[in-house]
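Colleague: Before anything else, here's the structure in question.
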Amino acid sequence: MAAALVQPFDPKTAKQLAWRAHLAAASKAYNELLTDEQQDACIAAGAKRRTRSRLGQSGPETGQQYWVGKECTEKPPAPAPQARKPKS
């Protein structure tokens, strides 16, 4: 018997889209803006923390996981205002 495919739930709210943009910006900043010394510091700090267990697996965080986690816990982004539809 074949398993039924389930459509994932993705509401795409303004708040959710703002968080995704914030996460993407933090990840990009790690790769493009941090110096090698700053990345090395993040790698060392991440090695001291463990990831959450998923499917029975966990391990030390990578430098990028550490940086993005630190950047995204400081302040939630403000959702971008949505354009209003003109009345007809």
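The values are calculated or read from the model by the stated rules, or taken from the named source; none is laboratory data. Treat the numbers as computed from the prediction; the structure is a model and nothing was measured. Positions of Cβ are backbone-derived with ideal geometry, glycine not excepted, and every protein chain shown enters the neighbour counts.
Colleague: Considering only residues that are without any contact (Cβ under 8 Å) to a residue 40 or more places away in the chain and not in a loop (DSSP other than H, G, I, E, B), look in the stretch 1-24 and name the one that is nearest to Q64 (Cα to Cα).
Modeller: This residue is A24.
Residue-by-condition table, conditions (1) more than 17 Å from the chain's Cα centre (by Cα); (2) modelled with pLDDT under 85:
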| residue | (1), (2) |
| --- | --- |
| A3 | yes, yes |
| F9 | yes, yes |
| A21 | no, no |
| G46 | no, no |
| W67 | no, no |
| E74 | no, yes |
| A78 | no, yes |
| P86 | yes, yes |
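Colleague: If R50 satisfies all but one of (1) within 12 Å of Q64 (Cα to Cα); (2) loosely packed, with under 14 Cβ neighbours inside 10 Å; (3) in contact with a Ser or Thr (Cβ under 6 Å, 6 or more places away or on another chain), what's the number of the condition it fails?
Modeller: It is condition (1) that R50 fails.
Colleague: Next question, about the same structure. When you look at S58, is it surrounded by 10 or more Cβ atoms within 10 Å (Cβ to Cβ), within 30 Å of K12 (Cα to Cα), modelled with pLDDT under 90 and out of contact with any Asp or Glu (no Cβ under 6 Å at 6 or more places or on another chain), yes or no?
Modeller: Yes; evaluated as a whole, the condition is true for this residue.
Colleague: While we're here: Can you pull out the residues in the stretch 28-42 that are surrounded by 13 or more Cβ atoms within 10 Å (Cβ to Cβ) and not aromatic (F, W, Y)? Break it down stepwise before answering.
Modeller: Our first condition is that a residue be surrounded by 13 or more Cβ atoms within 10 Å (Cβ to Cβ); within the stretch 28-42, this holds for 29-30, 34, 38-39, 41-42.
Passing the criteria: A29, L34, Q38, Q39, A41, C42.
Colleague: Does at least one position in the stretch 9-25 carry a residue that is of a type in the set (K, R), loosely packed, with under 11 Cβ neighbours inside 10 Å and touching a strand residue (DSSP E or B) at 6+ places or on another chain (Cβ under 8 Å)? Talk me through it step by step, then tell me what you get.
Modeller: Within the stretch 9-25, the first condition is being of a type in the set (K, R), and the residues that meet it are 12, 15, 20.
Next, from what is left, pick out any that are loosely packed, with under 11 Cβ neighbours inside 10 Å: 12.
Filter once more, keeping what is touching a strand residue (DSSP E or B) at 6+ places or on another chain (Cβ under 8 Å): none.
No, the stretch 9-25 contains no residue that is of a type in the set (K, R), loosely packed, with under 11 Cβ neighbours inside 10 Å and touching a strand residue (DSSP E or B) at 6+ places or on another chain (Cβ under 8 Å).
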